[in-house]
Structure formats: structure tokens, C-alpha cells
Amino acid sequence: MPKLEVRKIGDDVLRQVAAPIRKVNEDIKTLIKDMYETMYAENGVGLAAPQVGVSKRLFVIDVGDGEPFALVNPELVKGWNEIEDNEGCLSVPGVYMPVKRFEKVRFKGRNEKDRAVTIEATGLLARALQHELDHLDGKMFVDLVEDKLTLDKELAEMRVRLAQEKAEATVSA
Ligand code: NI
């Protein structure tokens with residue numbers, strides 16, 4: 001299974017509203033497998049299809065509780081309480097900033113077998129679900145960060161790091 005390239009902030013695909021998936025066919029199943037592979041290779045707890053350049057409504061999550069799952073056409077049904085916690089994103093590498101999210105959520109969608117599922121979650125899983133759903137609507141966690149001054153500084157440092165990595169990759173290639 002190939003590891004896919006994770007698109008970084010600034011890439012247009014991350015700002016598009018992703019299209020619903022009509023059926024979980026073999027192509028979608030292959031995409032799900034590749035997304036798991038990519039998420040684990042990058043040490044992420046979640047990955048949305050637009051992050052690998054596919055503008056479809058699908059994400060995978062593994063918050064380390066032993067139950068990785070994919071959710072197709074996910075919808076937030078209900079949210080309870082707001083809490084602030086640090087958040088990061090594979091598309092914004094190395095940047096961690098506090099963001100407000102629901103503490104508890106109920107989601108619905110379809111699983112890898114194309115069956116309707118409902119998920120209730122709290123804690124990190126609740127946060128991951130909301131973060132990944134935002135990706136499907138062209139939104140990113142940085143949009144929700146209130147301290148824009150610190151965010152701008154962090155993003156500037158991230159761009160320097162990415163440019164250095166790219167230069168090093170070119171040299172070693
Ligand atoms: Ni993300």
C-alpha cells in the first residue's frame with residue numbers, strides 16, 4: 001500500500017467543500033487503506049481525504065484506544081459543552097494551538113462496510129471527529145485559533161521549516 005502525500009496549508013484542495021460518497025466501493029476501500037497507512041506513517045490521530053488530495057467526504061481516525069475507524073459522509077448530529085484544548089494537524093506540521101470544540105458529540109455516517117453508524121464520543125475522540133469534519137468543509141483548525149498574533153508567528157516558522165526540508169530533500173535526491 002502506498003503512503004500518500006499529505007497536503008499542507010496553502011494547498012487549494014484543503015479549502016474545497018468535499019463531495020459526498022455515493023457508495024463505499026473497492027476504490028473507496030483502497031483509499032481508506034492508503035489513508036490508514038499514511039496516518040500511521042505520519043503519527044497522526046486522524047486524516048481526512050482532502051489532506052491526501054481527494055475531495056471526498058471521508059476520514060479515518062485512531063486516537064490510540066485500539067479502535068481505528070473510517071467514517072464516510074459524516075455528520076455532526078449534536079454537540080454538548082465547549083472546551084478549549086491544544087490541537088494540531090498533519091497539514092500544519094509542528095503547530096499546536098488552543099481551539100474551542102464541543103466536549104461531547106454525536107456523529108452519524110457510514111462505516112467501511114457502507115453501513116449506517118452513530119458514534120458518541122468525548123475527549124480526544126470528540127475533538128478529532130470535529131477537526132476531521134471541518135476538513136471536509138474546507139475548514140482548518142487554524143481558522144478557529146483566537147490568538148492570531150501567535151498563530152502567524154507559528155505559521156511563519158512552519159514555512160521556514162518546510163522550505164528547509166524541501167531544500168534538503170532536493171540535495172539528497
Ligand atoms: Ni487536520
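The values are calculated or read from the model by the stated rules, or taken from the named source; none is laboratory data. Model, not experiment: these values are computed from the prediction. Cβ sites come from the backbone with ideal geometry, for glycine too, and all protein chains shown count toward neighbours.
Some notes on this structure:
- Candidates 13, 24, 54, filtered to the one that is touching a Gly at 6+ places or on another chain (Cβ under 9 Å) and of a type in the set (Val, Ile, Thr): 13
- Of all the residues in the stretch 63-77, those that are more than 14 Å from the ligand (Cβ to nearest atom) and assigned to a loop (DSSP other than H, G, I, E, B) number 5.
- Sole residue being in a loop (DSSP other than H, G, I, E, B) and of a type in the set (A, V, I, L, M), chosen from 54, 60: 54
- Qualifying residue in the stretch 131-148 (condition: away from the ligand (no atom under 15 Å from the Cβ) and either within 15 Å of the chain's Cα centre (by Cα) or among the polar types (S, T, N, Q) (or both)): no
- Subset of the stretch 78-110 (residues that are in a loop (DSSP other than H, G, I, E, B) and loosely packed, with under 15 Cβ neighbours inside 10 Å): 94, 96
- If you go through the stretch 116-147 and keep only what is charged (D, E, K, R), within 22 Å of residue 65 (Cα to Cα) and loosely packed, with under 15 Cβ neighbours inside 10 Å, you end up with just 120.
- From 5, 87, 42, 82, residue being within 16 Å of the ligand (Cβ to nearest atom), acidic (Asp, Glu) and under 27 Å from residue 149 (Cα atoms): 87
- When residue 3 is tested against (1) within 21 Å of residue 87 (Cβ to Cβ); (2) in contact with a Ser or Thr (Cβ under 8 Å, 6 or more places away or on another chain); (3) modelled with pLDDT under 95, just one condition goes unmet, and that condition is (1).
- Members of the stretch 57-81 found to be of a type in the set (D, E, K, R) and in contact (Cβ under 8 Å) with a residue 60 or more places away in the chain, listed by number: 57, 65
- Screening the stretch 98-122 for residues that are small (Gly, Ala, Ser) and without any contact (Cβ under 8 Å) to a residue 24 or more places away in the chain and picking the one that is farthest from the ligand (Cβ to nearest atom) gives 116.
- Filter result for residue 86 (without any contact (Cβ under 8 Å) to a residue 24 or more places away in the chain and within 13 Å of the chain's Cα centre (by Cα)): no
This table checks each residue for (1) at pLDDT 95 or above; (2) β-branched (Val, Ile, Thr); (3) touching a Ser or Thr at 6+ places or on another chain (Cβ under 7 Å); (4) within 17 Å of residue 7 (Cα to Cα).
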| position | (1), (2), (3), (4) |
| --- | --- |
| 98 | yes, no, no, no |
| 119 | yes, yes, no, no |
| 131 | yes, no, no, yes |
| 142 | yes, yes, no, yes |
| 150 | yes, yes, no, no |
| 154 | yes, no, no, no |
| 160 | yes, yes, no, yes |
| 163 | no, no, no, yes |
| 166 | no, no, no, yes |
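- Selection status of residue 17, outside any helix (DSSP H, G or I) and either modelled with pLDDT of 95 or more or closer than 20 Å to residue 104 by Cα (or both): yes
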